[in-house]
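A short worksheet on the structure shown next.
The values are calculated or read from the model by the stated rules, or taken from the named source; none is laboratory data. All figures in this text were calculated on a predicted structure; none of them were measured in a lab. Here the Cβ positions follow ideal geometry from the backbone for every residue, glycine too, while neighbour counts run over all protein chains shown.
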Amino acid sequence: MRSVIPAFFFLCVVPTIRAADAPQSVEQLWADFDPRQDPLETEVIREFKEDGGVFRHVRFLVGTFKGKPARMAAIYGFPDHAADATGKVEMTEKRPAVMHIHGGGQRAFLHEVKFLVSRGYAALSVNWGGDGDGQPPFNSPEGAQPTDPNTDWGAVDPSQLNVQGYNSILPGPKQFFEDREHPKNNNWYLLTLGCRRGLTFLEQQPDVDPQRLGVHGYSMGGNLAMYVAGTDRRVKAAVPGVGGAGWRWQPHEFPGGVVQQDHIRGDVELFRKTLSFESYAPLTKCPVLHRSGTNDFHGWMDDVYRTNARITDQSTRFAWSPHLNHRLIPEVEVAMPLWFDQFLRGGPVLPETPRSELILDTAEHVPELRVVPDGKSLPVARCEIYYSCDPDPRARFWRSADVVRDGHLFVGKLPLHSVDQPLFAFANTYHTLPNPISLDRLPGHRGPVREVCLSSLLHTVSETTLHDAKAAVTLAPNAVIDDFDHGLRDWYQLNAGNLAHQQTWTRKLTDPVFRGRSGAKLRLTLKIPKTNRLTFVVVENEWRSYRGPRKTFVCEHEFPGSDVDQSVVLTLGDFLSKDVSLESWDGVDLFGICAHFAERGAATARHPAWIGAAPTLVRFEWE
């Protein structure tokens with residue numbers, strides 16, 4: 001089925017603007033845009049019913065640029081309503097609605113819409129990443145047919161086929177202006193404009209309450225969630241994920257060099273004032289929940305806190321997945337629907353950000369983090385406290401503190417190996433949900449989620465402050481990297497449960513306490529019931545381009561099946577990269593134990609299926 005909702009013809013006239021007249025703030029940049037002014041010219045490409053919802057592939061008008069229309073494809077859904085004997089559907093109440101914004105290289109996702117619909121929301125997933133000419137197959141919405149029209153940006157192109165447009169305000173043939181430097185030339189401007197038109201689509205749907213709109217996005221979609229929340233008062237709750245950190249234009253100095261995420265083409269100060277996330281945060285007038293991984297390459301943890309600190313008059317929360325990069329644990333993922341339930345449906349209130357205090361002046365001069373979670377709305381199940389000495393948020397290893405509970409207070413001592421490096425610390429508090437929540441409609445999830453994770457603020461202490469406080473050095477280098485008495489708390493797993501592809505990783509070898517000395521050998525003791533082959537992987541200079549090129553070294557070893565513990569000893573020479581062996585442990589940032597490993601984009605031989613149960617890790621140490 002395909003129908004077109006008629007609309008009056010219109011044309012956006014691009015005014016002549018001199019470079020000197022370029023907007024100098026976020027408010028000025030968006031002052032001339034009204035997302036409701038022009039008709040949407042909505043096309044309903046297809047409608048179908050399944051899994052308790054009504055779903056439509058649609059396309060609507062974003063605007064007309066340089067005389068050509070730009071149209072956005074999307075997936076819209078809402079809960080199915082029972083029809084009476086005449087076939088009519090009676091709407092009993094308007095419902096809240098959420099817009100989902102996909103990440104880079106992705107597309108509008110039907111499963112995201114279905115998940116929200118299953119929880120009683122109307123939902124829209126916009127397909128901003130279409131290829132620009134309106135034709136499949138590049139980044140078509142999930143479930144689209146080969147002949148379905150796609151997003152068509154017309155005379156402009158803010159998609160990833162125009163990558164240089166994300167860090168530039170210079171003119172160009174696919175930019176807003178071809179003859180002047182201007183913030184509207186940046187891809188993020190047009191994408192934000194398109195998403196705000198998506199909000200207009202949502203508020204015009206007959207089953208949607210326009211006063212209860214939310215937005216969430218992941219990665220580049222997390223960026224867009226921040227942009228939309230900072231520019232559109234219709235957003236009543238926002239959940240950016242692994243994106244939306246500010247200060248990407250700013251050089252960050254780490255030991256060994258300087259790193260800058262975005263090298264801006266054009267006037268950097270103009271970019272900062274009109275397009276950088278920290279300039280949008282003070283304008284955000286809705287509650288914001290930020291979900292991410294502690295080691296995210298895209299949304300740097302420290303900068304997420306810096307940016308969100310500028311949201312001064314609204315509720316903010318943080319939920320960090322320990323050790324992960326661009327991934328979330330279930331207890332963090334589940335915070336998103338709970339956030340929308342609270343602010344769009346008047347549902348149960350999530351706990352406040354746990355109160356935390358970093359104390360340096362202790363009796364033993366060992367720093368400690370004291371945490372008091374909010375247990376008024378949900379009971380506190382546990383508290384985890386993490387700390388690190390690594391300034392680079394992407395590569396740092398988060399040590400786990402031993403936590404002692406005294407009533408409502410949780411205390412973790414943070415023993416130091418040196419006072420010549422800064423100290424970073426935060427806590428994760430886990431609260432028991434009154435009823436388990438299923439995330440099974442989202443990829444990679446099995447079974448109910450019984451807890452929700454909320455994080456404290458990030459505490460940062462400089463070397464100078466540690467010296468002035470006379471902090472003690474009580475932590476010595478340790479030959480035992482892990483005895484696994486605490487399970488895998490210092491590790492993270494990819495493809496967990498898929499034994500033929502399961503990977504278990506740690507960043508402990510980058511920590512000075514656990515770093516290998518010259519001539520040292522690695523000994524891994526494990527129990528493996530059936531004969532299988534494992535690949536051991538070390539990654540050198542992961543994210544640390546200022547220290548040297550990134551290199552991956554691998555070593556394969558076959559273990560005979562046995563009911564008793566067995567060990568393997570690994571030397572530098574055992575780890576190879578294109579027949580060149582690892583020369584030193586000094587630059588190792590990641591160590592992985594993999595049933596199957598292949599670098600992204602590399603062709604590898606097919607591994608045999610895994611036989612028997614997963615290996616049990618017993619001890620990991622230096623010889």
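Scan the range 578-621 for residues that are modelled with pLDDT of 95 or more and not aliphatic (A, V, I, L, M) and the total you get is 17.
When the residues of the range 230-263 are filtered to those that are more than 15 Å from SER279 (Cβ to Cβ) and among the charged types (D, E, K, R), the one that is surrounded by the most Cβ atoms within 10 Å (Cβ to Cβ) is ASP232. Evaluation of GLN314 against the conditions (1) part of a loop (DSSP other than H, G, I, E, B); (2) buried (at least 17 other Cβ atoms within 10 Å of the Cβ) shows that the sole unmet condition is (2). Residues of the range 25-81 that are more than 22 Å from HIS111 (Cβ to Cβ), small (Gly, Ala, Ser) and not in a strand (DSSP E or B): SER25, ALA31, GLY67.
Sort through PRO149, PRO183, PRO171 and tell me the only one that's touching a residue at least 40 places away in the same chain (Cβ under 8 Å) and touching a helix residue (DSSP H, G or I) at 6+ places or on another chain (Cβ under 7 Å). Within the list PRO149, PRO183, PRO171, the selection yields PRO183. Restricting GLY592, GLY561, GLY548 to residues that are of a type in the set (Gly, Ala, Ser) and under 22 Å from HIS323 (Cβ atoms) narrows the list to GLY592.
For the structure I just gave you, tell me whether PRO171 is assigned to a loop (DSSP other than H, G, I, E, B), more than 27 Å from the chain's Cα centre (by Cα), modelled with pLDDT of 95 or more and surrounded by fewer than 22 Cβ atoms within 10 Å (Cβ to Cβ). Against the criterion (assigned to a loop (DSSP other than H, G, I, E, B), more than 27 Å from the chain's Cα centre (by Cα), modelled with pLDDT of 95 or more and surrounded by fewer than 22 Cβ atoms within 10 Å (Cβ to Cβ)), PRO171 qualifies. Residues in the range 246-277 that are among the small types (Gly, Ala, Ser) and in contact with a Lys or Arg (Cβ under 8 Å, 6 or more places away or on another chain) were compared, and the one that is nearest to GLN164 (Cα to Cα) is SER276.
Put simply, of ASP565, ASP579, ASP482, ASP574 the only residue that is of a type in the set (D, E, K, R), crowded, with 20+ Cβ neighbours inside 10 Å and either at negative phi or without any contact (Cβ under 8 Å) to a residue 60 or more places away in the chain (or both) is ASP482. The set of residues in the range 222-244 being within 22 Å of ASP313 (Cβ to Cβ) and either hydrophobic (A, V, I, L, M, F, W, C) or in a loop (DSSP other than H, G, I, E, B) (or both) consists of ALA225, MET226, VAL228, ALA229, ASP232, ARG233, ARG234, VAL235, ALA237, ALA238, VAL239, GLY244. Give me the residue from the range 25-40 that is crowded, with 20+ Cβ neighbours inside 10 Å and of a type in the set (A, V, I, L, M) and, out of that set, nearest to GLN205 (Cα to Cα). Only one residue fits best here, namely LEU40.
Regarding the range 551-558, can at least one residue be identified that is surrounded by 16 or more Cβ atoms within 10 Å (Cβ to Cβ), in contact with a helix residue (DSSP H, G or I) (Cβ under 6 Å, 6 or more places away or on another chain) and modelled with pLDDT of 95 or more? Yes - at least one qualifying residue is present in the range 551-558.
Annotation: of all residues in the range 98-131 being within 18 Å of THR192 (Cα to Cα), small (Gly, Ala, Ser) and touching a Pro at 6+ places or on another chain (Cβ under 9 Å), the one that is modelled with the lowest pLDDT is GLY130. When ASN495, ASN532 are checked against the criterion of being in contact with a His (Cβ under 7 Å, 6 or more places away or on another chain), under 21 Å from PRO608 (Cβ atoms) and either of a type outside the set (Asp, Glu) or loosely packed, with under 14 Cβ neighbours inside 10 Å (or both), a single residue qualifies: ASN495. The requirement of being more than 30 Å from LEU324 (Cβ to Cβ), in contact with a Gly (Cβ under 8 Å, 6 or more places away or on another chain) and either in contact (Cβ under 8 Å) with a residue 40 or more places away in the chain or outside any loop (DSSP other than H, G, I, E, B) (or both) is fulfilled somewhere in the range 195-208, by at least one residue.
Looking across the range 209-221, the residues that are crowded, with 22+ Cβ neighbours inside 10 Å and either touching an Asp or Glu at 6+ places or on another chain (Cβ under 7 Å) or part of a helix (DSSP H, G or I) (or both) come down to LEU213, MET220, GLY221. One residue alone among ASP390, ASP402, ASP374, ASP361 is among the charged types (D, E, K, R), out of contact with any helix residue (DSSP H, G or I) (no Cβ under 9 Å at 6 or more places or on another chain) and under 21 Å from THR506 (Cα atoms), and that residue is ASP402. State the number of residues belonging to the range 20-78 that are closer than 28 Å to LEU170 by Cβ, in contact (Cβ under 8 Å) with a residue 24 or more places away in the chain and not basic (Lys, Arg). So the answer is 21.
Does ARG550 fit the bill of being in contact (Cβ under 8 Å) with a residue 60 or more places away in the chain and either among the charged types (D, E, K, R) or more than 29 Å from ILE329 (Cα to Cα) (or both)? It is false that ARG550 is in contact (Cβ under 8 Å) with a residue 60 or more places away in the chain and either among the charged types (D, E, K, R) or more than 29 Å from ILE329 (Cα to Cα) (or both). Only one of the numbered conditions (1) out of contact with any Phe, Trp or Tyr (no Cβ under 7 Å at 6 or more places or on another chain); (2) modelled with pLDDT of 95 or more is not met by THR535, and that is (1). Within the range 279-325, the set of residues being over 24 Å from PRO337 (Cβ atoms), among the hydrophobic types (A, V, I, L, M, F, W, C) and in contact with a Leu (Cβ under 9 Å, 6 or more places away or on another chain) comprises ALA309 only.
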